[in-house]
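Worksheet: the structure to be examined is printed underneath.
Only the coordinates and a few stated rules stand behind these numbers; no lab work does. Just so it is clear, the structure is predicted and the values come from calculations on it, not from any experiment. Cβ placement follows ideal geometry from the backbone for every residue including glycine, while neighbour counts extend to all protein chains displayed.
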Amino acid sequence: MRVKYIITIGIVLLILSGCNRRSQLLYMKDLNPAGEELVAKPPQYKLQPGDLLFIQLITSSPEISQAFNNPAGSQFLTRTQDESSLYFNGHTLDAEGFVTLPFLGSAKLEGLTLDEARSEIRILTEKLFKDASVVVKLANFRVTVVGEVRQPGTFRNFNDYLNIFEALAQVGDISENGNRKNVLVVRQTDTGSKTFRVNLNDKSVFTSEAFYLLPNDVIIVEPIGNKIFQMNVPYITLTFSTISTLILLYNFITRL
């Protein structure tokens, strides 16, 4: 009877462990099954010195457009353009927050949103071209994801906004050993680095400042306790084995 009791307890513990494991893998598990509306407001990114911009001027004259736009600028920013093309043909905000444009001169864009920067450049173009259209895109929107994900690395975002779930999808999602309850997001600011802790198991993630990512954000997915224990198993086994050997050796010597 005692053996059956122990076996039953073991089976129950295994079942509970499996249920708990499944719960850890679910995103926003507290969502209402009937559906509910969750609203997250995208941030308005302010341009900073060092930002790389893709700027294109479109006029009724192909010659003028070609003269303003560099070879890579003659086409819209696409996923096929490599880092070197964007770096050499883009426009970088200098240390003072200015960008220098062919024929148009300099414009201070630091602290402006992309829409505001587009309007600022549009004012410059009106002095020379009445029918010009201006395209402004952020070319250095890169995010790094490391830790317990399937394909850690850095990737470039070609959309105006990027949320944390989209970023994780880019790297193959969090592995089974990743801690979804305590994801760390590191963000660079004017005064240094700012960190956020995000619980992806809870719908409160939508209200987090880190739900929408900003350029150069770093996502760090830490391992869950089980993974840490698994990593330490060899050392624990070695320690117990060493202790057992020493005890046996001690008993052998004392009996001589």
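At a glance:
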quantity: Burial order of peptide ranges 188-194, 219-225, 53-59 (average beta-carbon count within 10 Å, highest first); calculated: 53-59, 219-225, 188-194
quantity: Unit charges on C-beta of K, R, D, E only; dipole of segment 141-223, Debye; calculated: 60 debye
quantity: For Val149, residues with placed amide H under 5 Å, excluding near neighbours; calculated: Ser175
quantity: In Å, descending, principal axis extents of the Cα set of segment 105-162; calculated: 53, 21, 17
quantity: Zero-based 10 Å bins, Cα pair distances in segment 141-223, whole percents; calculated: 19, 56, 23, 1
quantity: Extension gain from Ala95 to Leu128, taking 0.36 nm per residue of separation minus the Cα-Cα distance; calculated: 9.2 nm
